[in-house]
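Here's the structure we're looking at; comments come further down.
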Amino acid sequence: MVIIMLGAPGTGKGTVAGLLQERLGIKQVSTGDIFRKNIKEGTELGTLAEKYISKGNLVPDEVTIKIIEDRLNEPDLEKGVILDGFPRTVKQAEELDKILQLKGKKVDKVISLTTPDEEIIERIVNRRVCSNQDCKAVYNIVLNPPKKDGICDKCGAELIVRKDDTEETVRARLSNYFEQTAPLVDYYEKQGNLLTEVVSKSINKLGKDVAEEIVEILK
Ligand code: ADP
Ligand code: ZN
């Protein structure tokens with residue numbers, strides 16, 4: 001099963017994908033996490049990606065598509081994958097369709113998450129992530145705080161603010177999302193596999209509620 005998580009930054013893609021990974025037993029693959037790991041390790045890819053990410057821009061398609069193509073060839077994804085943050089452009093979506101077709105697979109479900117803009121900014125500003133690359137748990141210091149300030153509940157590592165989670169970068173990321181990624185909603189709507197979910201405290205629906213709903217729908 002191939003599941004895609006679509007959604008502006010801060011809508012909870014990563015949180016929902018992480019919960020679905022646990023519930024469905026298929027792996028979450030986040031292009032953002034792959035880039036951050038490479039930046040931390042100082043690889044060539046990391047140096048290149050950081051130039052774009054620090055400004056809130058997308059990493060070029062050729063680079064990103066190659067990474068996903070290689071990753072999809074690894075045996076641990078044979079059963080399926082939850083793609084979190086890929087595709088983000090129509091070009092990436094078209095290439096993904098081709099890559100999957102060659103494997104006799106296809107995109108099975110696209111989950112599009114939406115959240116009111118003002119809530120997105122608030123959520124990102126309050127976001128803290130686990131510094132342990134193997135854990136990557138996400139917290140919100142207001143809605144979902146860790147038990148102990150600044151410490152990850154799951155692994156005990158330090159919680160940090162993501163470098164690109166400043167208000168200025170968030171605004172650039174949001175505007176890039178609406179320009180380059182939002183057209184994918186139409187793209188997948190036409191393919192007939194789109195599922196839209198609102199994640200918003202105004203209707204009392206957080207990532208975990210949405211993940212439960214999706215698990216029920218996929219049953
Ligand atoms: P968010 O959705 O909160 O912006 P991600 O972790 O998904 O966070 O992505 C962080 C950054 O990594 C993006 O702002 C972008 O610069 C880069 N990135 C991630 N996925 C892609 C992609 N599919 N194509 C191009 N750039 C990407
Ligand atoms: Zn952790």
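The values are calculated or read from the model by the stated rules, or taken from the named source; none is laboratory data. Quantities reported herein were computed from a predicted structural model and do not represent experimental measurements. No Cβ is skipped: glycine too gets one built from the backbone with ideal geometry, and neighbour counts run over all protein chains shown. Ligands, DNA and RNA are stripped out before the accessible areas are found, and what is left, the full protein with its side chains, is counted by its heavy atoms. Shrake-Rupley method; radii C 1.70, N 1.55, O 1.52, S 1.80 Å.
Of note:
- Taking the Cα centre of segment 121-219 as origin and assigning +1 to Lys and Arg Cβ atoms and -1 to Asp and Glu Cβ atoms, the resulting dipole is close to 280 debye.
- Protection proxy ranking, peptides 30-38, 180-188, average beta carbon neighbours within 10 Å, highest first: 30-38, 180-188
- Couplings 3J(HN,Hα) for segment 153-161, derived from phi with the Karplus relation 6.51 cos²θ - 1.76 cosθ + 1.60 (θ = phi - 60°), are 4, 7, 10, x, 6, 6, 8, 10, 8 Hz, where x marks Gly and Pro.
- Under the Karplus curve 6.51 cos²θ - 1.76 cosθ + 1.60, θ = phi - 60°, whole-Hz ³J(HN,Hα) for segment 44-52, x wherever Gly or Pro sits: 4, 4, x, 4, 5, 4, 4, 4, 7
- Taking amide H atoms as placed 1.01 Å from N in the peptide plane, the amide H of residue 83 lies under 5 Å from those of 3, 4, 5, 29, each 5 or more residues away in sequence or on another chain.
- Only alpha carbons enter this Debye calculation for segment 1-85, each as an equal point scatterer, and the log10 of I(q)/I(0) it gives at q = 0.16, 0.20, 0.25 Å⁻¹ is -0.66, -0.99, -1.30.
- The tail of the calculated P(r) for segment 48-192 beyond 19 Å holds 62 percent of all Cα-Cα pairs.
- Per-residue [θ]222 nm for the chain (sum of -39500 (n - 2.57) over DSSP H runs n ≥ 4, rounded to 500): -13500 deg cm²/dmol
- Remark on residue 198: its backbone amide H falls under 5 Å from those of 114, a criterion applied only to residues 5 or more positions apart or on other chains, H modelled at 1.01 Å from N.
- Extreme residue, positive dipole direction of segment 25-141, given options 104, 130, 47 (C-beta unit charges): 130
- Entry comment: accessible area of the chain is 52 Å² per residue, from protein heavy atoms only and a probe of 1.4 Å.
- Each Cα pair under 8 Å and six or more residues apart adds its separation to the average, and for the chain the resulting relative contact order is 30 percent.
- For segment 3-17, the Karplus equation 6.51 cos²θ - 1.76 cosθ + 1.60, evaluated at θ = phi - 60°, returns couplings of 10, 10, 9, 10, x, 4, x, x, 7, x, 3, x, 5, 5, 4 Hz by residue, with Gly and Pro reported as x.
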